[in-house]
1. Ignoring any ligand, DNA or RNA, what whole percent of the accessible area of the chain comes from carbon and sulfur when the probe is 1.4 angstrom?
2. Putting +1 on Lys and Arg Cβ atoms and -1 on Asp and Glu Cβ atoms, find which of LEU169, ILE186, GLN235 reaches farthest to the positive end of the dipole of region 142-264.
3. To the nearest 20 debye, what charge dipole does the chain have about its Cα centre, counting +1 at the Cβ of each Lys and Arg and -1 at the Cβ of each Asp and Glu?
4. Quick check: with the 1.4 Å probe, what order do HIS73, HIS90 take by accessible area, largest first?
5. Would you work out the relative contact order for the chain, in percent, from Cα pairs under 8 angstrom that are 6 or more residues apart?
6. Could you work out how much longer the chain between MET76 and GLU120 gets when fully extended? Use 0.36 nm per residue separation minus the Cα distance between them, nm to one decimal.
7. Using the Kirkwood radius built from alpha carbon pairs, what does the Stokes-Einstein equation give as D for the chain at 25 °C and 0.890 mPa s, in µm² per second?
8. Among 28-34, 169-175, 41-47, what's the highest-first ranking by average C-beta atoms within 10 angstrom per residue?
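The values are calculated or read from the model by the stated rules, or taken from the named source; none is laboratory data. This structure is a prediction, so every number in the text was calculated from the model and none was measured. Glycine gets a Cβ as well: all are built from the backbone with ideal geometry, and neighbour counts include every protein chain shown. Heads up: the accessible areas ignore ligands, DNA and RNA and are worked out on the full protein's heavy atoms, side chains in. Shrake-Rupley method; radii C 1.70, N 1.55, O 1.52, S 1.80 Å.
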Amino acid sequence: MPELPEVETTVEGLRSVLEGATLTRVEPRRADLRFPIPVDLRQRLTGATVTGLSRRAKYGLIGTDRGDTLIFHLGMSGRWRIDPVEIGAHDHLLIETGAGRRLALNDPRRFGSLDLVRSETWESHGPFTRMGPEPLGPDFTPAALAQALAGKATSIKAALLDQRIVAGLGNIYVCEALNMAGIAPIRAAGKIGRPRLALLVEAIREVLSAAIVAGGSTLRDYARPDGELGYFSKQWRVYGQEGEACPCGGTVRRRVDGGRSTFYCPECQK
Ligand SMILES: [Zn+2]
């Protein structure tokens, strides 16, 4: 499943094709993904010029000179294909540029989404209204995290997955960061001291940054026709490593809560 680093890498890849480009063809090939695709999307985007691309949490934002911003989410299985040779059944949005480049948004499971909002109001749009700080941004500090977690009896793992506390973290990076910071996933969120929260903030930034760097190198490998953006393999510390050795020498365990796996090391995570 694409997480924040994959989305960041995807936006970076799309930027190389779309920044400053005029969209000569914008064609949704079905009416909906997880949610309906705006019916006027084709009309509003065709002929527009892309003015900038960015990311918020796990959403990619593509701004245009007409004051509209296309917002995409990759869901469980979405990815953009750059200059695909053939268009397949799971390519749900096609974009062509004046420079002759072609993009396809491919999403076999269709848990992703496409929306089009006015650029000046995107932050007040549904998913963004109550969203917490970006984990790689300047507002995600130990003090801010301590304030957000104050009095919370929920586990630290559940708290970090809550998008109101910090935006864009998913299961993989939460497991990895908690391991790096030496914090047990079941620890009550409101009872973790400031020094440990500082370690946690640092660990979150580090695991995400390392993944973005790894994704960037993968992106260079994919700089060829038929390139697919969105996924890359990484070496995890604990995620998916049940029974394997933790970097501390302990053994990684897995527990399942509400259908979600948590990977952790009981030796070094307290
Ligand atoms: Zn360990």
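1. Within the chain, the accessible surface is 48 percent carbon and sulfur.
2. Value computed over the given set: ILE186.
3. 800
4. HIS90, HIS73
5. 19
6. Between MET76 and GLU120, full extension yields 13.0 nm more.
7. Rounded, D is 125 µm²/s.
8. 169-175, 41-47, 28-34
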